[in-house]
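Just below is one structure, and these are the notes that go with it.
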Amino acid sequence: MARVEFTARKQLRLPAQTVYDALVNWRGHADWVPMTRVRIEEGDGGVGTVFIATTGLGPAALPDRMRVEALDAEAMAADLVKIGPVLRGDVRIAVLPLSNTTCEVQWHEDITVPVLPNFAAPLVAAATQKAFEKSLDRLAKRLR
């Protein structure tokens, strides 16, 4: 079992509220995260909502089951817990306003992956961080 931890940071030329609203639209992640589909299992998107974001194709698809633990609209932050059989751990998404038209997204994950050997964790963390940063670029393009 390996621990994978990373923080993706991305400055976007968009208002913080616009970005936060898009990030906490769980179904909407399928629009900007490549090869991902989202299914809400229970809840309305708020605290307690459980959803599965499945990324990949066919037998290589990885289901990522999560529960929304906290939403703080004022601080523009969300806390999720990964509760799936493969990925388990914590996610913190925060949007920091830098000006009226610019913000920084900070997406932090601290997860365990039982099928991953420890020596591979740094490589997986780096690749996943880059993938999230690219996905945030895609989000910004969709919101402009």
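The values are calculated or read from the model by the stated rules, or taken from the named source; none is laboratory data. Just so you know, these numbers come straight off a predicted model, no measurement behind them. Don't worry about glycine lacking a Cβ; one is built from the backbone with ideal geometry, like all the others, and counts go over all protein chains shown.
Before moving on, here are some points about what is shown:
- Of all residues in segment 28-41 being assigned to a helix (DSSP H, G or I) and touching a strand residue (DSSP E or B) at 6+ places or on another chain (Cβ under 7 Å), the one that is farthest from Gly56 (Cα to Cα): His29
- A single member of Val86, Val68 is touching a strand residue (DSSP E or B) at 6+ places or on another chain (Cβ under 9 Å), surrounded by 14 or more Cβ atoms within 10 Å (Cβ to Cβ) and at pLDDT 95 or above, and it is Val68.
- Qualifying positions in segment 2-27 - out of contact with any helix residue (DSSP H, G or I) (no Cβ under 8 Å at 6 or more places or on another chain) and assigned to a loop (DSSP other than H, G, I, E, B): Pro15, Val24, Asn25
- Residue within segment 127-134 that is more than 24 Å from Val50 (Cα to Cα) and more than 15 Å from the chain's Cα centre (by Cα) present: no
- For segment 1-32, the tally of residues that are surrounded by 15 or more Cβ atoms within 10 Å (Cβ to Cβ) and over 22 Å from Ala73 (Cβ atoms) stands at 5.
For (1) over 30 Å from Phe119 (Cα atoms); (2) within 15 Å of the chain's Cα centre (by Cα), each residue gets a yes or a no:
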residue: Pro15; (1), (2): yes, no
residue: Ile52; (1), (2): no, yes
residue: Pro59; (1), (2): no, no
residue: Leu71; (1), (2): yes, yes
residue: Lys82; (1), (2): no, yes
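- Evaluation of Ala73 against (1) on the phi < 0 side of the Ramachandran plot; (2) surrounded by 13 or more Cβ atoms within 10 Å (Cβ to Cβ) (one fails), failing number: (2)
- If you go through segment 95-130 and keep only what is surrounded by 15 or more Cβ atoms within 10 Å (Cβ to Cβ), under 23 Å from Ala77 (Cβ atoms) and of a type in the set (A, V, I, L, M, F, W, C), you end up with Val95, Leu96, Cys103, Val105, Trp107, Ile111, Ala125.
- Residue in segment 6-15 that is small (Gly, Ala, Ser) and free of Cβ contacts under 8 Å to residues at least 24 places away in the same chain present: no
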